[in-house]
Amino acid sequence: MKLSSILFAIIGASMMIAGLILGLVANSMATTAGHEFFAQRNDEDGNITMEYPIFGEGGIAGDRLITRILIEARNTDVVIFGGEVDGVPIERSRVVVYNMFFPFYSVNVSSGAVNITNMLDFGMLIETGGAGLEFNGIHSFLNRGMLRRRRQQQIRVYLSDDDLLHQIDLQLENVDLTMVNLSRETDIFINATGGTATLDNIRTDSTLRVDALNSNLTVQNVDFGNVAMNLENSEMVLDLSTMQSSFDFNIAPPEEDGELGSLTVNGNSFPGVFIQRRYFVPDNNDNDDEYEDNDAQSRDDGEIDEYVRVTIILNGGSLRLLYPR
């Protein structure tokens, strides 16, 4: 190696060591003065957290119109709260990241969407944000929380009812998803490989679309305008029993050769095909009057024009469907 190359290597290493020392000294001085040196916070459970308000002053979106949230996540937990948490209203929409460290995740805004991902590699030392390029600085690597025992990573999204949102798009690999208390006109798209998903207390006239491979899913206490699913070797409980709606069911195995899934409907087994249209018309005593009319004829109560269309391809695995009796 040439002498000049050796000198440049020594100078570079010296500058890096000096930067690390300065960072540690600055952190110590900031702590003594009662100031925060790291953007991350430590919660009462010892987790390292980073919070990103979405809208308004100081938010990552500012005054820009945001209509979509895209989460691409692997080997983590994803929790989405809507409206309130434990009875306390969510006043400001925000993203909170737990036990993740730059450059292994990114939260940014582009093309009218909030993009959240932990599918990054170590080489991405420059984060692409909504307003350009942002280098987070060497002190991003100095937080002692990185050296502690490994804690479960998690992405939490809190959505205020005051903020308009048209679509939630989730691309998940080996993720445990929980989505609760959403009441808005929002399409929900979930593409899951492995992991689990629980959707509870979701109210929308829009679409739920699920593509799942080797996953375990529970959907309950919900209202949707349309339901479309493609389930492959997955276990699912789809509980529509709280809905007061008419249904157009089409549940069948894939057109191509595939293993026939196990299907039960309100406790009754079916040979993999369930194609029926069902009306539910409450009477004056608030008791559901269920009847079936595959010819789509109307009753004296008046013609029913709208249905919740439930279309599911069941390829292996099992589906347990519940709807109002």
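The values are calculated or read from the model by the stated rules, or taken from the named source; none is laboratory data. It should be emphasised that the depicted structure is a prediction, and the values quoted were computed from it without experimental measurement. Note: ideal-geometry Cβ built from the backbone for every residue, glycine included; neighbour counts use all protein chains shown.
Assuming ASN250 fulfils every condition listed in (1) buried (at least 17 other Cβ atoms within 10 Å of the Cβ); (2) under 17 Å from LEU319 (Cα atoms) apart from one, which condition is it?
(1)
Can you say whether PHE37 is over 30 Å from LEU159 (Cα atoms), at pLDDT below 80 and of a type in the set (Phe, Trp, Tyr), as far as the supplied structure shows? Before the answer, list the steps.
Values: over 30 Å from LEU159 (Cα atoms): no; at pLDDT below 80: yes; of a type in the set (Phe, Trp, Tyr): yes.
Judged against the criteria, PHE37 is not a match.
Name every residue in segment 205-224 that is surrounded by fewer than 19 Cβ atoms within 10 Å (Cβ to Cβ) and at pLDDT 90 or above, in order of residue number.
Listed by number, the residues that qualify are SER206, THR207, ARG209, ASP211, LEU213, ASN214, ASN216, THR218, GLN220, ASN221.
Select, from VAL85, VAL78, the only residue that is crowded, with 20+ Cβ neighbours inside 10 Å and out of contact with any Lys or Arg (no Cβ under 6 Å at 6 or more places or on another chain). Walk me through it before giving the result.
Values: VAL85 fails: crowded, with 20+ Cβ neighbours inside 10 Å.
None of the others qualify; the one that does is VAL78.
For segment 47-63, give me each residue that is part of a strand (DSSP E or B) and either buried (at least 18 other Cβ atoms within 10 Å of the Cβ) or not acidic (Asp, Glu) (or both).
If we filter segment 47-63 for residues that are part of a strand (DSSP E or B), which is where we start, we get 48-53, 55, 62.
Once the filter is applied, which keeps residues that are part of a strand (DSSP E or B) and either buried (at least 18 other Cβ atoms within 10 Å of the Cβ) or not acidic (Asp, Glu) (or both), segment 47-63 yields ILE48, THR49, MET50, TYR52, PRO53, PHE55, GLY62.
Among the residues of segment 172-193, which ones are closer than 15 Å to LEU70 by Cα and in a strand (DSSP E or B)? Before the answer, list the steps.
Just the residues of segment 172-193 that are closer than 15 Å to LEU70 by Cα, to begin with: 172-173, 175, 177, 179, 186-192.
Residues satisfying the conditions are LEU172, GLU173, LEU177, MET179, ASP187, ILE188, PHE189, ILE190, ASN191, ALA192.
Return the only residue of ASP169, ASP163 being touching a strand residue (DSSP E or B) at 6+ places or on another chain (Cβ under 9 Å), in contact (Cβ under 8 Å) with a residue 40 or more places away in the chain, closer than 20 Å to ASN108 by Cβ and surrounded by fewer than 17 Cβ atoms within 10 Å (Cβ to Cβ).
Details: ASP169 fails: surrounded by fewer than 17 Cβ atoms within 10 Å (Cβ to Cβ).
One residue alone meets the criteria, ASP163.
Out of MET229, MET236, MET243, which single residue is in a loop (DSSP other than H, G, I, E, B) and of a type outside the set (Lys, Arg)?
Working: MET229 fails: in a loop (DSSP other than H, G, I, E, B); MET236 fails: in a loop (DSSP other than H, G, I, E, B).
Only one candidate passes the filter, namely MET243.
Among the numbered criteria (1) modelled with pLDDT under 90; (2) closer than 18 Å to GLN167 by Cβ, which single criterion is violated by GLY58?
It fails just one condition, (2).
So which of MET243, MET229, MET236 is within 17 Å of the chain's Cα centre (by Cα), closer than 19 Å to VAL308 by Cα and in contact (Cβ under 8 Å) with a residue 60 or more places away in the chain? Give the derivation first.
Working: MET243 fails: within 17 Å of the chain's Cα centre (by Cα); MET236 fails: within 17 Å of the chain's Cα centre (by Cα).
Sole residue among the options that is within 17 Å of the chain's Cα centre (by Cα), closer than 19 Å to VAL308 by Cα and in contact (Cβ under 8 Å) with a residue 60 or more places away in the chain: MET229.
If I ask for residues that are over 19 Å from VAL79 (Cβ atoms) and at pLDDT 90 or above, which ones from segment 89-109 would you list?
ASN108, VAL109
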